[in-house]
Structure formats: C-alpha cells, structure tokens
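Comments concern the structure below.
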Amino acid sequence: MISKHPALLLTRPIQAAQDFANRLNLGPEEDVTYSPLIEIEYLQYDVGFEAAIFSSRNGVLGAGTGAGRPAYCVGDITAEFARKAGFNVREVGETASVLVQKIVSNPPEMELIHLHGAFTQGDVASQLKTAGIRCVELVVYLQNALPLTQRAQFLLKGEKTVVAPLFSPRTAALFSEQIQNLNLPLARAHEIKVVALSQNVASRLPTPFRKNIVVPRLPTGDMMLQIVARFFND
C-alpha cells in the first residue's frame, strides 16, 4: 500500500530521530527517511558537581552516573533520561525559561552546573547567576556536522511533499546550507513543510522555505509531535 501522506525527513541525531518516529506511531506504509545532520561526540572531563541542570538527553548521557544527585531538567524526556541515569529529578520545566523561573523561585543551597553541548540556547547559567544563584556550565559533548544522505537529497529533489521537523538553530542552519546547495526550484521549495521548534529555529531557514514553516505555541517535543502528527492523521 502506498501512503497518500507526505514523506517524513528526520535530521536529529539518530537515536532521538528514531524515538520521535516511534512516538508518532506511523504505519509501515509511511515514508520515513533518517538523515542526521549532527553526530554527538562525548567529551572526557574531570569535574565533580553536586547538582546538575540538563537541557537535553545528550547532556544526561554525557554526565555519567547520577548516584542520587539532584537534577533540574528541561522537558519530560530529558527528565526521564536523568532518572534512568540515577539522578534525583527535583524540577522539570517545559522550556529553559520555565526551568530557570522554577529554580529562582525555589533556589537550591548547592552550586549548580549546566552540562550541555558546544552549541546551546537559553543562557541558563547566566540567567541564574544574574538572579544570584551559584551556577557554572560545562560543555560535555560536541555536535559535529553531517551531510544530507543521498536518500534525503533524492527525497528533497523529488515530487512528494516532505515534512521536516527541525529542533535546534544548529540543525536548521545546517539544513539551510545544504538544501540551498540542491538549487531546488521555487515551486519545489514550497512543497517542503518545515516544523520549527521556535522562531529562532525558523529564522535560520532561507526565504523560499519560510512560506510553509509551522512553529508550535510552546517549544516542546510534545507540541512538535502534535503538529507533525497532523500531516499523517487525515
């Protein structure tokens, strides 16, 4: 059976992309292409800490064993990874801004450390320090750029409508650079439907692709899931 729905192009790191596709619960007839534009490279570090802030699952995976230490997380999925790693999740915020507000409202006694990638958003540590809370930050992984796969390029050059969720400014910038190299006709560009996590992510796309960008009301994984699912539920 050939699906009448668009094709889905997932450009997140492979594990995150597969998890997102699984949560969509698509049928076997749907066309899903994986083409990660970022490969995670974890770094070695020798820094002790009392309590951690995690804004992504990759921060958790780069942190080692929690051993019951407190953790403050952006998003339920990040919090789930933190619990599985042995951290005691104290607070969860839908977004980095919400988490900062929660921490400021109930500040911990110990120093916090934000463990994140080389490319990060929100300036969490800076916001907390401005509020008088002790917080440092540490890069625990790199986000190395990858090219679009041949299959992804073929898909983007083809005739089928493509839905492309983009979750970070870094991924959006890489996607923008590579899709411009494909020299797609304007009419084809309008058949690529981008779902961008935020306006900041959307702003990284070239003008021809902005006509069909959808941005969720809140920058959360659940909202992204709901919007993408609509393309496959009619």
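The values are calculated or read from the model by the stated rules, or taken from the named source; none is laboratory data. Just so we're clear, the structure is a prediction, and the values are computed from it rather than from any experiment. Ideal geometry is used to build each Cβ from the backbone, glycine not excepted, and the neighbour counts take in all protein chains shown.
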Is there a residue in region 135-147 that is out of contact with any helix residue (DSSP H, G or I) (no Cβ under 9 Å at 6 or more places or on another chain) and either under 24 Å from His5 (Cβ atoms) or not hydrophobic (A, V, I, L, M, F, W, C) (or both)?
yes
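Please work out which residue is surrounded by the most Cβ atoms within 10 Å (Cβ to Cβ), limiting yourself to region 17-38 and to residues that are part of a helix (DSSP H, G or I) and free of Cβ contacts under 8 Å to residues at least 60 places away in the same chain. Don't jump to the end; show me each part of the working.
Kept after step one, since they are part of a helix (DSSP H, G or I), are these residues of region 17-38: 17-24.
From the residues that got through so far, the ones that are free of Cβ contacts under 8 Å to residues at least 60 places away in the same chain too are 17-19, 21-22.
Numbers: Ala17: 21, Gln18: 14, Asp19: 14, Ala21: 17, Asn22: 9.
Once the filter is applied, the top-ranked residue is Ala17.
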For region 20-43, indicate whether the set of residues that are out of contact with any helix residue (DSSP H, G or I) (no Cβ under 9 Å at 6 or more places or on another chain), modelled with pLDDT of 90 or more and more than 30 Å from Phe154 (Cβ to Cβ) is non-empty.
yes
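What residue, of Lys211, Lys193, is among the basic types (Lys, Arg) and buried (at least 17 other Cβ atoms within 10 Å of the Cβ)? Can you show your working first?
Values: Lys211 fails: buried (at least 17 other Cβ atoms within 10 Å of the Cβ).
Just a single option satisfies the conditions, and that option is Lys193.
Scanning for something outside any helix (DSSP H, G or I) and over 16 Å from Leu10 (Cα atoms), does region 162-178 turn up at least one residue? Quick ask: steps written out before the conclusion?
So the first thing to find is which residues in region 162-178 are outside any helix (DSSP H, G or I), and the list is 162-168.
In the following step, the residues that additionally are over 16 Å from Leu10 (Cα atoms) were identified as none.
Looking for residues that are outside any helix (DSSP H, G or I) and over 16 Å from Leu10 (Cα atoms), one finds none in region 162-178, hence no.
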I'd like the full set of residues that are in contact (Cβ under 8 Å) with a residue 12 or more places away in the chain and either among the aromatic types (Phe, Trp, Tyr) or exposed (fewer than 13 other Cβ atoms within 10 Å of the Cβ) (or both), limited to region 172-181.
Phe175
Considering only region 196-208, state which residues are buried (at least 17 other Cβ atoms within 10 Å of the Cβ) and either in a loop (DSSP other than H, G, I, E, B) or out of contact with any Pro (no Cβ under 7 Å at 6 or more places or on another chain) (or both).
Ala196, Leu197, Ser198, Ala202, Arg204, Leu205, Pro208
